[in-house]
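The structure appears below as structure tokens.
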């Protein structure tokens, strides 16, 4: 009965969106002549301020942005100036509330490590998305180790561009698509000097200071900021601080040619309070059983960007970029998990030595893109294409039980010999192209291809055998090339509404971890291959006047050749873990958004003397299940037993995600209440319901969180913002961690608050 009711609700929501939008757009189309439907290109420059004329924080991407094509793709544009929520601590559930289906791992209240996913993919440090800043990579290594240890401070972000799976043709991996943070650059400032400051304070010792200067003088504009944030954290042992500085400088040599330089440096240090058992969560969510776990990140990004307007209808953009990152962790992580206490050793009178892990990332890339219009059969069409070259080197060191016995941050190795000392190298070359073909006045078709060459190499010491001899990687190498193809389409029902569809191949490259499993227990399949599949979308989106915005779609994500581990037996009877391609999975579902202003609809663009009310509903239904997925393991009798996880739900993939909110605005005052509901999920592919003693496996319960935010301009240049996160002080968690920063269930923050004062001069 409950399942039938849920199915009825999701079907009703989806059909209601389509019906409402169709009726509204139909009535709108009667007022427009047929020639208003002509599919003329809709452009957005590379650098601009979006949303100044609107108070909405969610928009659809135009067909063309700079040198990239977004027509036919499932996409969203988030305008940070208009987000009614807490961007001080990068609270992503509020920022992406109107992007249906986005899942957030909320295990880091500092907002330092953002984990987002969609459609049954993993949220771990957003690694299933291609994470970019101003159009270039900022992850550790987008091919071998795509985890995003650095995310921009959202006060410095102008907009966020999100493209689902179809973006694989333009941006490469991953299955999730692309997230691009566009930082402020000062292009909107029309005077030589402007100073902006935002000072914020809040619960648990929160303090944030954001200070920026920018300006424009003839052919030169610039923007630079420094942000500092610290707090003791909501839980015990969760202190942190961040320092980030950024500068961008653009010089326009002529009306057609300009060069931009960018430099960002960030330093983050945070305590990791670790996980809890479910019983521990019930007794005291704020408690921590780990006082000696630390995480330290130093991140530098640099870019040189050239823009050349070749003709009025063609342009070229080239980017030279690099990442220099250092990720360090130190902590006590016993094999028995969170149930093993970090106690004083009775023999030595000290704590046990901690584990050490450090990575050094040295990545460089070049990307050039061309976009131009041309006429074919009397229709204006658009071609976009480019090339990419990339090389990345990761130096990985690990020393288990060789760290200090202290409690502070200390990366000293006791004997100066690292257990692991491995070099990873990634090389990539790609050529890609897309084209907008305009077929009549209403229909556009967008085919695209991408040719990719990838090479990954691992060499070095991978540990020590029981007799003390080195175990070395003998230059493990994987090289491959392949062609990806896809096609999208848009049919303009009216001048502001459209049907869209796309289907595109996708891939997930073999990662470093797949080449360096523990050699004493694991064997790597020499024929292991990249995971491949495809994304498909079919939807209807648009707006009616200035009172209705909607986007409703169905999707299918096919994920083949997933990489995993199965147990095998040798001839001598011993067992080992075999790292290989183990099976497939599929995600199918519905993603829908409606944002409505009944006041503006009723007043028909007349003045609103008593203010405006807007509400939104963002809902997604995601049925992510395994197909053929073999598992071989030892039973209680120490025998190998083969099972299949067919029809089991994919781990960390809630079926339902519902977010809704109500905003009231009057002149320069606004207040927003937002509710986020995320359904239950499983932490493992076996769909284990009962919680394991170490809390690493078991069901992740559903939860509902309410947030409140308000903003008021109290003077011409002075704005006050305040908010309460998790108003009801809901006790919940979004992930179970098997290792760092757990292990165990990682609680999300309870009730917190903030207040900020901002000014521009």
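The values are calculated or read from the model by the stated rules, or taken from the named source; none is laboratory data. All values reported here derive from a predicted model rather than from experimental measurement. Cβ coordinates were reconstructed from backbone atoms using ideal geometry, including for glycine residues, and neighbour counts include every protein chain displayed.
Residue 590 is checked against (1) free of Cβ contacts under 8 Å to residues at least 24 places away in the same chain; (2) in contact with a helix residue (DSSP H, G or I) (Cβ under 7 Å, 6 or more places away or on another chain) and fails just one. What number does that condition carry?
(1)
Residue by residue through the range 254-272, note down the ones that are surrounded by fewer than 19 Cβ atoms within 10 Å (Cβ to Cβ) and in contact with a strand residue (DSSP E or B) (Cβ under 7 Å, 6 or more places away or on another chain).
256, 257, 259, 261, 263, 265, 267, 269
Tell me the residue from 397, 377, 482, 383 that is surrounded by 15 or more Cβ atoms within 10 Å (Cβ to Cβ) and either within 27 Å of the chain's Cα centre (by Cα) or without any contact (Cβ under 8 Å) to a residue 40 or more places away in the chain (or both), please.
Unique residue meeting the criteria: 397.
How do the strands (runs of 3 or more DSSP E) wholly within the range 496-560 filter down when requiring 1 or more residues that are more than 30 Å from residue 461 (Cα to Cα): which remain?
497-508, 531-544
Just to verify a result, which residue in the range 730-752, among those that are assigned to a loop (DSSP other than H, G, I, E, B) and under 12 Å from residue 700 (Cβ atoms), is farthest from the chain's Cα centre (by Cα)?
That would be 732.
Going through the range 674-702 one residue at a time, which ones are in contact (Cβ under 8 Å) with a residue 40 or more places away in the chain and in contact with a strand residue (DSSP E or B) (Cβ under 7 Å, 6 or more places away or on another chain)?
Of everything in the range 674-702, those that are in contact (Cβ under 8 Å) with a residue 40 or more places away in the chain and in contact with a strand residue (DSSP E or B) (Cβ under 7 Å, 6 or more places away or on another chain) turn out to be 674, 676, 678, 683, 685, 694, 695, 696, 698, 700, 702.
In the list 360, 367, which residue meets the criterion of being under 32 Å from the mean Cα position of the chain (by Cα), crowded, with 20+ Cβ neighbours inside 10 Å and at pLDDT 95 or above?
Of the residues listed, the single one that is under 32 Å from the mean Cα position of the chain (by Cα), crowded, with 20+ Cβ neighbours inside 10 Å and at pLDDT 95 or above is 367.
Would you pick out the residues in the range 132-144 that are farther than 20 Å from residue 111 by Cα and surrounded by fewer than 23 Cβ atoms within 10 Å (Cβ to Cβ)?
Across the range 132-144, the qualifying residue is only 136.
For the range 77-89, check the following and say yes or no: at least one residue is part of a helix (DSSP H, G or I), within 24 Å of residue 206 (Cβ to Cβ), without any contact (Cβ under 8 Å) to a residue 60 or more places away in the chain and under 14 Å from the mean Cα position of the chain (by Cα).
Scanning the range 77-89, I find no residue that is part of a helix (DSSP H, G or I), within 24 Å of residue 206 (Cβ to Cβ), without any contact (Cβ under 8 Å) to a residue 60 or more places away in the chain and under 14 Å from the mean Cα position of the chain (by Cα), so the answer is no.
Of everything in the range 586-613, what is buried (at least 18 other Cβ atoms within 10 Å of the Cβ) and in a loop (DSSP other than H, G, I, E, B)? Give them in sequence order.
Hit for the range 586-613 is 597, nothing else.
I need the full set of residues from the range 88-107 which are more than 17 Å from residue 61 (Cβ to Cβ) and touching a strand residue (DSSP E or B) at 6+ places or on another chain (Cβ under 8 Å), in order please.
Answer for the range 88-107, where residues must be more than 17 Å from residue 61 (Cβ to Cβ) and touching a strand residue (DSSP E or B) at 6+ places or on another chain (Cβ under 8 Å): 88, 89, 91, 92, 93, 94, 97, 103, 104, 105, 106, 107.
With touching a strand residue (DSSP E or B) at 6+ places or on another chain (Cβ under 6 Å) and either surrounded by fewer than 24 Cβ atoms within 10 Å (Cβ to Cβ) or without any contact (Cβ under 8 Å) to a residue 60 or more places away in the chain (or both) as the only criterion, which of 162, 114 stands out?
The conditions single out 162.
Tell me, please, whether a residue that is under 30 Å from residue 72 (Cα atoms), surrounded by fewer than 19 Cβ atoms within 10 Å (Cβ to Cβ) and either in contact (Cβ under 8 Å) with a residue 60 or more places away in the chain or over 30 Å from the mean Cα position of the chain (by Cα) (or both) can be found in the range 414-428.
no
Select from the range 323-355 the residues that are surrounded by 14 or more Cβ atoms within 10 Å (Cβ to Cβ), over 28 Å from residue 152 (Cβ atoms) and in contact (Cβ under 8 Å) with a residue 60 or more places away in the chain and list them in ascending order.
Within the range 323-355, 333, 337, 338, 339, 353, 354 meet the criteria.
For every residue, the table says whether it meets (1) within 30 Å of residue 136 (Cβ to Cβ); (2) over 22 Å from the mean Cα position of the chain (by Cα); (3) part of a loop (DSSP other than H, G, I, E, B).
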residue	(1), (2), (3)
265	yes, no, no
270	yes, no, no
273	no, yes, yes
280	no, yes, no
287	no, yes, yes
291	no, yes, yes
296	yes, no, no
302	yes, no, no
305	yes, yes, no
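From the list 469, 504, 457, which one is in contact with a helix residue (DSSP H, G or I) (Cβ under 9 Å, 6 or more places away or on another chain) and without any contact (Cβ under 8 Å) to a residue 40 or more places away in the chain?
Of the residues listed, the single one that is in contact with a helix residue (DSSP H, G or I) (Cβ under 9 Å, 6 or more places away or on another chain) and without any contact (Cβ under 8 Å) to a residue 40 or more places away in the chain is 457.
Return yes when residue 621 is surrounded by 14 or more Cβ atoms within 10 Å (Cβ to Cβ) and touching a helix residue (DSSP H, G or I) at 6+ places or on another chain (Cβ under 9 Å) and no when it is not.
yes
On the given criteria, is residue 637 closer than 30 Å to residue 332 by Cβ, part of a loop (DSSP other than H, G, I, E, B) and more than 26 Å from the chain's Cα centre (by Cα)?
No, not satisfied.
Restricting to the range 709-720, name every residue that is surrounded by 15 or more Cβ atoms within 10 Å (Cβ to Cβ) and either free of Cβ contacts under 8 Å to residues at least 40 places away in the same chain or not in a strand (DSSP E or B) (or both).
720
Just to be sure before I move on: is residue 628 under 23 Å from residue 511 (Cα atoms), surrounded by fewer than 16 Cβ atoms within 10 Å (Cβ to Cβ) and without any contact (Cβ under 8 Å) to a residue 60 or more places away in the chain in the structure I sent?
Yes.
Taking the condition of being free of Cβ contacts under 8 Å to residues at least 60 places away in the same chain, closer than 30 Å to residue 714 by Cα and surrounded by 13 or more Cβ atoms within 10 Å (Cβ to Cβ), how many residues in the range 631-667 meet it?
Going through the range 631-667 one residue at a time, the tally reaches 4.
Could you identify the single residue in 382, 375 that is at pLDDT below 95, out of contact with any helix residue (DSSP H, G or I) (no Cβ under 7 Å at 6 or more places or on another chain), under 30 Å from residue 313 (Cβ atoms) and assigned to a strand (DSSP E or B)?
The conditions single out 375.
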